[in-house]
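This report concerns only the one structure given below.
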């Protein structure tokens with residue numbers, strides 16, 4: 001599905017054709033969202049191996065782009081996969097940037113792993129000057145699909161490391177505490193929320 005070579009040990013190289021198609025559809029949805037926004041700087045919090053940044057290269061290669069992750073190995077792989085972007089090791093609870101540093105902050109597949117998602121969201125709000133784009137697995141569909149493909153039966157389909165479980169309403173309610181909701185997208189099996197910083201002017 002991808003038209004570029006990547007270095008990753010993650011789901012993007014799944015041998016399951018259905019899983020690969022779902023991931024591809026998710027990436028295409030993100031690209032459509034990004035293409036409709038105007039911004040000159042982007043921060044990807046929890047950038048992993050830089051796969052999304054690479055997929056969005058056409059939209060990001062001429063702006064100020066930074067990827068942040070806790071894992072040094074992920075940062076190294078990101079630099080190889082998408083060298084046009086800058087990268088930093090950092091913690092979502094204490095982002096190493098000033099207020100309003102980035103016009104858009106994206107945080108994909110992260111909040112479900114956190115014990116303090118509200119605190120993380122406050123940091124995303126602090127460093128964003130205009131937009132936030134957040135995605136989480138959509139429950140209970142996510143767990144059901146895991147079980148349908150024979151994964152994590154003893155945990156009722158829950159992916160290891162997922163400690164928060166969001167349906168679309170729950171994640172929207174969480175993000176609404178900080179951001180004005182602009183639009184909600186539901187590429188199976190995710191919820192993707194585009195929010196606007198409430199004290200910024202919409203352009």
Alpha-carbon Debye profile of segment 93-159, log10 I(q)/I(0) at 0.16, 0.22, 0.26 Å⁻¹: -0.63, -0.86, -1.06
Sequence ranges 151-160, 41-50, ranked by mean other-Cβ count within 10 angstrom, highest first: 41-50, 151-160
Computed log₁₀ I(q)/I(0) - Debye formula, equal Cα scatterers, no solvent, segment 98-203, q 0.13, 0.23 Å⁻¹: -0.48, -1.18
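Order these peptides, 172-178, 138-144, 92-98, 76-82, by their mean beta-carbon neighbour count within 10 angstrom, highest first. If you can, show how the numbers build up before the last one.
Values: 172-178: 16.0, 138-144: 18.6, 92-98: 14.4, 76-82: 20.3.
Descending mean neighbour count gives 76-82, 138-144, 172-178, 92-98.
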Taking only Cα atoms of the chain, radius of gyration then Dmax in Å: 16.1, 48
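None of the figures in this text is laboratory data; all of them are computed from the coordinates on show. A quick note: this is a predicted structure, and the numbers were derived from the prediction, not measured. Note that each Cβ is placed from the backbone with ideal geometry, even for glycine, and that neighbours are counted across all protein chains shown.
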